[in-house]
1. Can you tell me which residue among A37, A50, A108 is surrounded by 15 or more Cβ atoms within 10 Å (Cβ to Cβ) and away from the ligand (no atom under 16 Å from the Cβ)?
2. Got at least one residue in the stretch 61-71 being in a loop (DSSP other than H, G, I, E, B), farther than 28 Å from L264 by Cβ and either at pLDDT 95 or above or away from the ligand (no atom under 14 Å from the Cβ) (or both)?
3. Please verify whether the stretch 288-302 includes one or more residues that are out of contact with any strand residue (DSSP E or B) (no Cβ under 8 Å at 6 or more places or on another chain), among the small types (G, A, S) and at pLDDT below 95.
4. State whether the residues of the stretch 128-149 include one that is assigned to a helix (DSSP H, G or I), in contact with a Leu (Cβ under 7 Å, 6 or more places away or on another chain) and modelled with pLDDT under 90.
5. Does R163 fit the bill of being in a helix (DSSP H, G or I), at pLDDT 90 or above, in the same structural domain as D77 (by TED's automatic domain parsing) and basic (K, R)?
6. Condition first: farther than 27 Å from A137 by Cβ and either within 21 Å of the chain's Cα centre (by Cα) or within 16 Å of the ligand (Cβ to nearest atom) (or both). Can you find one or more residues in the stretch 1-19 that meet it?
7. Please go through the stretch 214-239 and pick out each residue that is modelled with pLDDT of 85 or more and either over 17 Å from P171 (Cβ atoms) or under 19 Å from the mean Cα position of the chain (by Cα) (or both).
8. Could you tell me which residue of the stretch 344-354 is modelled with the lowest pLDDT, considering only residues that are assigned to a helix (DSSP H, G or I) and closer than 21 Å to Y271 by Cα?
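The values are calculated or read from the model by the stated rules, or taken from the named source; none is laboratory data. Computed from a predicted structure; not experimentally measured. Cβ placement follows ideal geometry from the backbone for every residue including glycine, while neighbour counts extend to all protein chains displayed.
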Amino acid sequence: MALCTICALKDSHPGVALGDDGVCSLCRLDVAGDLLANFAYTNRVFEEFARSGPNPHGDYDCLFMYSGGKDSTYLLDKFVNEDGRRVLSYTFDVPFESTHAAENIRLARERIPATFVIDSDDAGIKTVLREVLNRPAVKPGTYLDEKLPCVSCRSFFVIRAIRYAFLHRIPYIVLCADPQQILTMESDVREVVRGFYRAFGERLLSAEFRADLETLLFAEDDELPRIIFPFVANRYAYDPERMVAELTAKGLYASSPLETHCTLFPLLNYYSYLNWDCMFYKLNAASHRRSVRRNENHERSTFSIAFPRAADLPGIEERLKSVVLDLAAGRGDAAVQQRELVGIFEELGAGAEAARFLAASFLDMRRTAAELGVRLRTAEAAA
Ligand SMILES: [Zn+2]
């Protein structure tokens with residue numbers, strides 16, 4: 001197996017090809033044309049939103065997808081309290097996420113005069129995750145396929161938000177993806193809906209939901225909500241630490257080392273290793289190596305996940321793989337695995353408390369899988 005000499009992505013990574021010179025297509029910027037077209041489109045829509053006045057068709061100027069994390073809390077406060085937008089704050093209650101964000105949402109409701117809506121569909125989203133985790137991956141695969149469970153979960157609730165905005169005649173949907181996520185997200189609502197249909201078929205949606213989406217697919221362009229990514233406008237200034245400091249000063253943020261923890265994180269790693277021989281955050285780790293190698297300003301984080309400079313990422317990836325696949329197969333000594341996992345997460349920059357918490361969630365992987373109805377397979381069975 002060969003590794004890219006710059007970012008250490010493997011030649012087997014979905015959607016990535018290694019050239020004769022040992023440099024991968026992401027490092028050669030072969031994909032730059034697509035990415036720039038996507039940036040141009042998202043920039044145009046954002047500028048149109050920035051110039052727009054109040055929505056003449058309803059009570060809200062935008063539907064704001066609010067997770068309770070730092071990025072979305074920061075922008076919700078700005079849109080409402082500084083820009084005077086009439087905002088419908090939409091939160092999808094993802095049953096796999098830690099309850100920590102709930103505290104930030106409570107603080108926001110006290111201090112930000114928006115309309116807050118909380119939506120949920122536990123049965124629907126669990127069906128999507130069960131289906132994608134049990135289904136064999138389609139080889140050779142395309143870009144981001146190693147994150148398909150995570151991408152599918154987000155598509156599921158973005159589609160619910162699109163439907164909500166469409167039915168309530170809200171012209172814009174605000175998504176606070178960080179600058180790296182923006183590059184990999186579909187921004188045209190018709191394409192988001194079509195992509196989900198292609199991946200999961202119609203059977204995962206109720207008849208009523210399907211009928212609404214079909215109306216949406218055949219609607220006139222100016223009746224469709226448009227997705228905007230506000231971080232596009234200042235992507236070179238994206239600075240998570242400054243945002244957290246401002247929010248904390250305003251009493252809008254209760255930080256935690258486990259802020260963005262998803263209880264499916266162990267299963268997401270299992271999926272990536274089983275099907276694509278990589279850890280879940282491999283693209284982020286590769287991006288980090290690329291910027292350390294090429295960019296004088298590498299200390300600034302341009303995405304949510306930070307990697308310590310000194311961490312031996314390829315080594316960590318192989319050690320984590322061995323533990324994850326052993327746990328999936330029910331092999332190994334739990335005490336040894338616990339020590340190894342805590343060590344790995346500390347090398348990745350987690351504090352002692354967060355590292356122990358994460359290790360416990362990995363040791364619990366078989367129970368989490370059983371609860372969701374996921375049949376754990378071995379790497380040999382998947383090959
Ligand atoms: Zn590379």
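1. A108
2. yes
3. yes
4. no
5. yes
6. The answer is no; no qualifying residue exists.
7. Across the stretch 214-239, the qualifying residues are E214, L217, F218, I227, I228, F229, P230.
8. So the residue we want is F345.
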